[in-house]
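Since the structure comes first, as structure tokens, the remarks are kept for the end.
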Amino acid sequence: MNLNIVVYSKSACPQCDQAKMLLKTKSIDFTEVKIDDEAERLAFFEKCGPSVRQMPQIFINEQRVGGLAGLQAALTQLGR
């Protein structure tokens, strides 16, 4: 199964770094989109939903799985 993973992150974000490292150690390809501008980040959060207020935000095959914990759960579910 081909996974299209997009990690929306920001600079100086330990959770973002952990999520990217998890994917790298499992040799899973992903695309990173950095959103360092606060106004852009707030607009992005609005698109994601009212409860979204932190980075990273991770999407697998265009479905938001959430942050680091959501990524770990999704990978476990996918057998990765």
Reachable lysines, given that their alpha-carbon falls under 19 Å from the alpha-carbon of residue 34 and they are not under 8 places away in the same chain: 10, 20, 24, 47
Result for the chain: accessible area per residue, probe 1.4 angstrom, in square angstrom, of 64 Å²
For the peptides 23-29, 63-69, what is the packing order when you average, over each peptide's residues, the other Cβ atoms within 10 Å and list the highest mean first? 63-69, 23-29
Could you tell me how far the Cα centroid of the stretch 57-73 sits from the Cα centroid of the stretch 29-47, in Å? 14 Å
Tell me the net charge near residue 24. Cut-off is 15 Å between Cβ atoms, residue 24 excluded, with +1 for each Lys or Arg and -1 for each Asp or Glu. 0
Amide H contacts under 5 Å for residue 13, restricted to residues at least 5 apart in sequence or on another chain and with H modeled in the peptide plane, are none
So what is the relative contact order of the chain, in percent, for Cα pairs below 8 Å that sit 6 or more residues apart? 38 percent
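The values are calculated or read from the model by the stated rules, or taken from the named source; none is laboratory data. Every value quoted in this text rests on a predicted model; they were computed, and no experiment measured them. Neighbour counts are summed over all protein chains in view; Cβ atoms, including those assigned to glycine, are modelled from backbone coordinates with ideal geometry. Areas reflect the complete protein model, heavy atoms only, side chains present, ligands, DNA and RNA absent. Shrake-Rupley method; radii C 1.70, N 1.55, O 1.52, S 1.80 Å.
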